[in-house]
Amino acid sequence: MPHQTIKGFRASFLDTIADPFYAPESDCVRYFPDGLLVVENGKVKDLGSYEELQTKYADILISDYRDHLIVSGFIDTHIHFPQTEMIASYGEQLLEWLSTYTFPTERKFADRNYALEIASIFLDELLRNGTTTALVFTAVFPQSTDAFFEEAQRRNLRMIAGKVMMDRNAPEFLRDTAVSSYVETKQLIEKWHKCDRLLYAVTPRFALTSTPEQLTNISKLLVEFPDVYLHTHLSENVKEVEAVAAAFPESEGYLDVYDRAGLVGERSIFAHGVQLTDQEFARLSEAKSAIAFCPTSNLFLGSGLFKIEKAKSLETPVKVGLGTDVGAGTSFSILRTASAAYQVAQLRSQKLSAIQALFLATLGGARALCLEDKLGNFEVGKEADFVVLNLRSTPIMALRNKSFDSANLPTLTEISDQLFATIIMGDDRAIAATYIMGEKAEF
Ligand code: GUN
Ligand code: ZN
């Protein structure tokens, strides 16, 4: 049978192909008001206007999503799966929040079956929100990492995760050691890294919870396995930064703790970076490291306003993705997260356009995770993970985002305006469907 594995999707399509923080938006996007996406064996085979492509693909089965906007799958560059159930825990800032809520919750993940149960809920929630790839903290227990990867593998997802490493400044029941964390992480890398679509991130919790010996062993792992990631927290909260300075008196600032240990490189992703100095932005730029901007979390924990304009400066450009940071973040939705990012930008007298937000949520995230060759837009050969957006998912959104006549479809300016309203007001109800490698995800 010809074309057995080929299928098509008819809808409006919008993707980013370059960074709209540095070039005119119209040069950074592709927009097909009435488009056809062709997927073969889970990868993008073609994207163009329906009119132009329909004869070439006359005999393939086409899913009709007209009156919907299809965008590339959302990428969450920082989230904690064991914190799913403790989202919205009241009243504390980072260090007290960790000891009051986080550590007792993460203790439960010593139980493999419990970890499997929550991993399943967590992944369904990501998919319900249109998130197809995430960089994920598991818990300190290797069985929690196994549970996460097993559930992600079952859903054929491209996920990056790692066991938390923490050998001090945490309750005994959550501590590993410099040696055990090295051995367990090595075993997990050998088991999961590049297994199907899964990738491994070496995951020290943050500077405060690692001894210098543990940091040394982490750098050994990065040398032994040069294509795994380094994923940790950085300069989130003022008291945290002070505590790091006291714990590492020889270091010249928070980033320098990681730098001296050899943890700052091209495959390093640092969550938050709210308190970074100009020199630290310059160093991250030089090292080609990435920052996960986690606005709902930074607001919820009162951490502060991330300086997006510093990360996106011409002088010291730093790769940036959006992170929900659940459970400190208040939503699994990248739409809600982008809405908070817009508001944070406004509080710093900056703007964040719909196209810039779409970039951060897709191609920007893919770049932050060094996955630009596989994800982030509909370039031919990339993995066909995508989201079908309903721009009119509630009565008020239908009022705000008026329907267009099929003979008079929206211009790029008009669809950008509707996307902006969907970012500001939208949530999981705006996600009509999520596709993984061209297959509709069930959740
Ligand atoms: N810093 C160290 N651990 C954590 C965590 O679990 N969440 C956040 N937001 N920051 C951290
Ligand atoms: Zn976090």
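State which entries of 108/191; 43/402; 288/310; 163/440; 319/382; 307/402 exceed 25 angstrom in Cα-Cα distance in the structure shown. Mind dumping the intermediate values first?
Numbers: 108/191 23 Å; 43/402 33 Å; 288/310 14 Å; 163/440 29 Å; 319/382 20 Å; 307/402 34 Å.
Distance filter (> 25 Å) returns 43/402; 163/440; 307/402.
Scanning residues 5 or more positions from residue 432 or on other chains, those with amide H under 5 Å from its amide H are 388, 389, 390, with H placed 1.01 Å from N in the peptide plane.
Amide H contacts under 5 Å for residue 271: 232, 233, 234, 292, restricted to partners 5 or more places along the chain or on a different chain, H placed in the peptide plane at 1.01 Å from N. Sequence-ordered 3J(HN,Hα) estimates for segment 182-196 from the Karplus curve with 6.51, -1.76 and 1.60 and θ = phi - 60° stand at 5, 5, 5, 5, 4, 4, 5, 4, 5, 7, 10, 5, 6, 7, 6 Hz, glycine and proline given as x. Angle of helix 212-224 to the longest C-alpha principal axis of the chain, folded into 0 to 90 degrees and rounded to 10: 40°. Just checking the listed ones, 150, 85, 96: in the Gaussian network model of the chain with Cα springs under 10 Å, the one fluctuating most is 96. Annotation note: GluC sites (Glu not before Pro) in segment 387-443 located in DSSP loop regions with a Cβ neighbour count of at most 12 within 10 Å are 442. A simple rule links phi to the HN-Hα coupling: the Karplus curve 6.51 cos²θ - 1.76 cosθ + 1.60 with θ = phi - 60°, which for segment 420-436 gives 4, 5, 5, 5, 6, 10, x, 7, 4, 5, 7, 8, 6, 6, 10, 10, 10 Hz, with x for Gly and Pro.
Relative to the longest principal axis of the Cα atoms of the chain, the long axis of helix 334-347 makes an angle of roughly 70 degrees. If R0 is 41 Å, the Cβ-Cβ spacing of residue 239 and residue 421 corresponds to a FRET efficiency of close to 0.60.
Note on residue 43 and residue 67: with the Förster distance fixed at 25 Å, the Cβ-Cβ geometry gives a FRET efficiency of about 0.45.
Kindly provide the trypsin sites (Lys or Arg not before Pro) of segment 389-418 that DSSP labels as loop, not H, G, I, E or B, and whose Cβ sees at most 12 other Cβ atoms within 10 Å.
Numbers: sites: 392, 400, 402; in loops: 392, 402.
Sparse-neighbourhood loop trypsin sites (Lys or Arg not before Pro): 402.
Taking amide H atoms as placed 1.01 Å from N in the peptide plane, the amide H of residue 63 lies under 5 Å from those of 8, 9, 10, each 5 or more residues away in sequence or on another chain.
Note on segment 326-443: semi-axes of the ellipsoid equivalent to its C-alpha gyration tensor, largest first and rounded to whole Å, are 22, 20, 16.
For the chain, a Kirkwood radius taken over Cα pairs fed into Stokes-Einstein (25 °C, viscosity 0.890 mPa s) yields D = 112 µm²/s. Working note: Karplus 6.51/-1.76/1.60 with θ = phi - 60° gives segment 305-316 the couplings 9, 5, 8, 4, 5, 6, 5, 9, 7, 6, 6, 10 Hz, where Gly and Pro are set to x. Would you mind checking segment 45-85 for residues with the amide N under 19 Å from a putative spin-label position 7 Å along Cα→C-beta of residue 111? Counting only backbone N, you get 81-85.
Once you have all Cα-Cα distances for segment 236-380, histogram them in 10 Å bins from zero and send the whole-percent values. Percent of pairs per bin, in order: 12, 41, 36, 10, 1, 0. Multiplying the residue separation of residue 55 and residue 440 by 0.36 nm and subtracting their alpha-carbon distance yields 136.1 nm.
Between 173, 200, 110, the Cα set farthest toward the positive side of the dipole of segment 94-214 (charges on each charged residue's Cβ, about the Cα centre) is that of 200. Charge dipole (Cα centre; +1 on Lys/Arg Cβ, -1 on Asp/Glu Cβ; no other charges) of segment 121-163 amounts to roughly 120 debye.
Here segment 130-209 is treated with +1 on each Lys and Arg Cβ and -1 on each Asp and Glu Cβ, and its dipole about the Cα centre works out to around 260 debye. Basic side chains Lys and Arg get +1 at the Cβ, acidic Asp and Glu get -1 at the Cβ, and with that the dipole of the chain about its Cα centre reaches some 320 debye. Counting 0.36 nm for each residue step from residue 190 to residue 172 and taking away their Cα separation leaves a gain of 3.8 nm. Between segment 19-82 and segment 237-281, the C-alpha centres lie 38 angstrom from each other.
Selection among 268, 387, 358 by position relative to the dipole of the chain gives 387 as farthest towards the positive end (Cβ unit charges, Cα centre).
Report the relative contact order of the chain, percent, no decimals, based on alpha-carbon pairs under 8 angstrom and at least 6 residues apart.
On the way: 964 pairs, mean separation 87.0, N = 443.
Relative contact order comes out at 20 percent.
Computed with a 1.4 Å probe over protein heavy atoms only, the accessible surface of segment 331-394 comes to 29 Å² per residue.
Hey, can you rank 52-61, 311-320 by average C-beta count inside 10 Å, highest first? Don't jump to the answer; show the numbers that get you there.
Details: 52-61: 12.8, 311-320: 18.3.
Highest to lowest by the protection proxy: 311-320, 52-61.
The angle between the Cα long axis of helix 112-128 and the longest principal axis of the Cα atoms of the chain comes to about 40 degrees, rounded to the nearest 10. Of the peptides 33-43, 15-25, the ranking by mean beta-carbon count within 10 Å, highest at the top, reads 33-43, 15-25.
The values are calculated or read from the model by the stated rules, or taken from the named source; none is laboratory data. Keep in mind the model is a prediction, meaning the values are calculated, not measured. Neighbour counts run over all protein chains shown; Cβ positions are idealised from the backbone, glycine included. Just the protein is used for accessible areas: all its heavy atoms, side chains included, with ligands, DNA and RNA removed. Shrake-Rupley method; radii C 1.70, N 1.55, O 1.52, S 1.80 Å.
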